[in-house]
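These notes are about the structure you will find just below.
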C-alpha cells in the first residue's frame, strides 16, 4: 500500500484580505504541524492540518497578489504558481469592500485552472454585514462562503465543502521506509521558496537579551563596565554588591544588545533577606533572555554551586558563551586543563564555546560582542527543509534506526518547527521507540553538518499529525 498523498489547499488573494488569519485558524485545528517555511513578509507557509474524521491536508498561505512593484510582482507570480500546483484553491476577498475588477480578473484566471475553487468573502463580522456578501455572487463561483475569520463565524458550510474534496485517509501501512526517490521528502514548492529567497528582505530580528550570570564575585559587574566602556554598575570585592539586575543596551554589528548585570548567586544557606529577592529576580530575568554569558572564575575549579548556576541555562534552553574571567592571574593550570575541568563538570553545556578574558585589564573583552551576535544568528537559524532531510538521510545511511523487539522503526522525514532554540521534529511510524541515544546521535550529526555552536538543539519524535508540544 502506498502512502496517501495529501491534498494541497492554496489560499490566494490580494494583500490584507485575511489569508494569513485563515491559514492560522486552519493550522490551529488540532495543531498538526509538520512544516513552516517563510519567504518574505508576504510568506509562503505550509502546514499539515486535520479536519473531521482525520482528514489531513496541506494548507498553503501565499503572498498577497499585488503588481505595484517589481518585488510584489514576483511574489504575486509565485502565489499563482502555488495555486497551479495545488489541488484546491481558496480565493479570499475583503467583504468590507465592493467587488473589484481586479479581484474578478484574478478569480477568473484561477477558475480557468479547472480545479475545486471556492470564493471566501472575509470580514463579514455579524449578521447585519452579511448583505455585503451577496454582492460577490456575481463572480459566478461554484462555492461562495461568507466568513469572519477574526470572529470565527460562518465556518460550518465552509468545512462541509472542504470535506467533500478532502478524502478520509486509508489506514496507513506500518513499516513505511524512508524513501529517497519519492515525494515524501521532496518539497514541491522548493523552487518557489528559493526564488522568493533571492529577492526577499528578511524580517529583522536584531534585539538580543543577554543575561550575565555566575556565582558571586566572579566579575560580572566588572565585565559589564568593560563591555560598555564606562562604569555603570557598582563594583566591589564585597560579595552580593549587585542586588537589582541592571539593563544596559548597546549596538554592535547592527544588533541591539541588552546586557543584564544580574545579582550574584550564592549558596542558599547564605542567602539572607534582600539577596534572596535578588536570586528570584535573576531567575525571572532568565525567562526573558535569549543568550547567557556564564562567568566563571578561571583561578578556581568548578564547584557544585557553579554547576547549579549553569543548570539554570539548561533549564531555560538558552544559547550560551562561557566566559573564563581573571585570565590575567597566573595559575599553574593550562587552558586545556581548565577546559577539561569545565567540560567534565558541566556536561549539559557541551555546546557552549569558551572565551578567556580579563574584565579588569580588558583582555579579549571586545571579542565577546562578536561572539554574542554570531551565536544569536545560530540561535535564530532555520534550516531549509530540503537540506535538513538530505542530512537526515545521510545520517540514517550511516547508522540505521534500531528496531524495537523486531518491529521496524522508520523516520519518514524531519522538519524544524521552531527557533530560539532550534527545534526539530522527527516524523516516524513508531516515535515512541526512537531511543534517546539515537536522537542524541542525530543531534550530534546535525551539529556536525550545521553550525550550532553555542546553541542547544531540541529533537522530538512524533507521528504525523501529532502535536509537537505534547509530552513524550
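The values are calculated or read from the model by the stated rules, or taken from the named source; none is laboratory data. In this text the structure is predicted, and so the values were computed from the model without any measurement. Methodologically, a virtual Cβ is constructed for each residue, glycine included, from the backbone with ideal geometry; neighbour enumeration extends over all protein chains shown.
For this structure, a couple of remarks:
- Residue that is surrounded by the most Cβ atoms within 10 Å (Cβ to Cβ) [pool: residues in the stretch 417-433 that are over 10 Å from residue 459 (Cα atoms) and touching a helix residue (DSSP H, G or I) at 6+ places or on another chain (Cβ under 9 Å)]: 421
- Conditions (1) more than 29 Å from residue 464 (Cβ to Cβ); (2) at pLDDT below 90; (3) in contact with a helix residue (DSSP H, G or I) (Cβ under 8 Å, 6 or more places away or on another chain); (4) part of a helix (DSSP H, G or I): number failed by residue 107: (2)
- Some residue of the stretch 249-264 being under 18 Å from residue 292 (Cα atoms), part of a loop (DSSP other than H, G, I, E, B) and at pLDDT 85 or above: no
- Count of residues meeting criterion [part of a helix (DSSP H, G or I) and in contact with a strand residue (DSSP E or B) (Cβ under 9 Å, 6 or more places away or on another chain)] in the stretch 135-156: 4
Residues are listed down the side, and each one gets a yes or a no for (1) in a strand (DSSP E or B); (2) farther than 15 Å from residue 445 by Cα; (3) assigned by TED's automatic domain parsing to the domain that holds residue 217; (4) free of Cβ contacts under 8 Å to residues at least 40 places away in the same chain:
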residue: 368; (1), (2), (3), (4): no, yes, yes, no
residue: 374; (1), (2), (3), (4): no, yes, yes, no
residue: 391; (1), (2), (3), (4): no, no, no, no
residue: 395; (1), (2), (3), (4): no, no, no, no
residue: 409; (1), (2), (3), (4): no, yes, no, yes
residue: 413; (1), (2), (3), (4): yes, yes, no, no
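- Some residue of the stretch 438-456 being within 29 Å of residue 54 (Cα to Cα), outside any helix (DSSP H, G or I) and at pLDDT 90 or above: no
- Leading residue by the ranking (modelled with the highest pLDDT) among those in the stretch 71-102 that are closer than 14 Å to residue 138 by Cα and in contact with a helix residue (DSSP H, G or I) (Cβ under 8 Å, 6 or more places away or on another chain): 93
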